[in-house]
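Novice: Okay, here's the structure, questions in a sec.
The values are calculated or read from the model by the stated rules, or taken from the named source; none is laboratory data. Note that the structure is predicted; figures quoted are calculated from it, not measured. Backbone-built Cβ (ideal geometry, glycine too); neighbour counts: all protein chains shown. The protein model used for the area step is the full one, side chains on, heavy atoms only, and it has no ligands, DNA or RNA in it. Shrake-Rupley method; radii C 1.70, N 1.55, O 1.52, S 1.80 Å.
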Amino acid sequence: MKIVINGNPNLISSSCFFRLIFGTLYPAYSSYKAVKTKDVKEYVKWMMYWIIFALFTTAETITDIFLCWIPFYYELKIAFVVWLLSPYTKGSSVLYRKFVHPTLSSKEKEIDDYLCQAKDKSYDALVHFGRKGLNVAATAAVTAAAKGSSCRQAGQEGVAVVQAGEDQGLDEQLSRIVGEEGSDSAYVPQEESAGARQRGDVLSVAERRIEGDS
């Protein structure tokens, strides 16, 4: 935390660095050695340390906000980590055996019940939100598909209307052309028949005159 009233930023950085090296990395390597050698005594020792250190880290998150103004606050944190690690003081073993173990033993059933309920509720909530998310995704997909089909249908209807208009225009043009040709053909035979009748009449008159002269 960088928000302090009475604190040196260099001291804060040094405290974090010290805790990282001696409070985390060194115990982690020692725990590895205990697991590798199968030394039960060392294994139990470092298990107790990690439990205390986890509680210390949790409490530290709150105290860094509200108690950082206390003089020598960060020095006290460094001293506390040294006290936990020291093989002479065995601070982690003392805190675990006198405070943590009795408290957890007396509250173990309640803690287990609470964890089971929290696990069930979290699973139910996860399933509920998962189903809700799937429903939303399915609804969005159906809506998008419906919009796409309506757009395609509208496009097809527009093309059909244009084609129908073009066909109707062609039909009208063809009707006009056929009508004009029909009217011309209707007059031509009449004219030809009238001319033929006139030529026939002339020939008849000529023939009668020839016969009269003879």
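Novice: Can you confirm whether Lys45 is charged (D, E, K, R) and surrounded by 15 or more Cβ atoms within 10 Å (Cβ to Cβ)?
Specialist: yes
Novice: Then there is this: Exactly one of (1) surrounded by fewer than 11 Cβ atoms within 10 Å (Cβ to Cβ); (2) over 15 Å from Arg19 (Cα atoms) is unmet by Leu67. Its number?
Specialist: (1)
Novice: Can you tell me which of Tyr88, Tyr114 is under 27 Å from Arg19 (Cβ atoms), free of Cβ contacts under 8 Å to residues at least 60 places away in the same chain and open to solvent by 80 Å² or more (accessible area, probe 1.4 Å)?
Specialist: Only one candidate passes the filter, namely Tyr88.
Novice: On to the next question. Report every pair of residues separated by at least 6 positions or lying on different chains whose Cβ atoms are under 8 Å apart, first residue within the range 37-56 and of a type in the set (Asp, Glu), second open to solvent by less than 50 Å² (accessible area, probe 1.4 Å) and in a helix (DSSP H, G or I).
Specialist: Glu42/Ser30; Glu42/Ala34
Novice: Here's another thing I want to ask about it. Which one is farthest from Leu84 (Cα to Cα) among residues in the range 48-64 that are hydroxyl-bearing (Ser, Thr, Tyr) and surrounded by 12 or more Cβ atoms within 10 Å (Cβ to Cβ)?
Specialist: Thr63
Novice: Next up: If I go through the range 15-38 residue by residue, how many of them are in contact with a helix residue (DSSP H, G or I) (Cβ under 8 Å, 6 or more places away or on another chain) and open to solvent by 60 Å² or more (accessible area, probe 1.4 Å)?
Specialist: Result for the range 15-38: 5.
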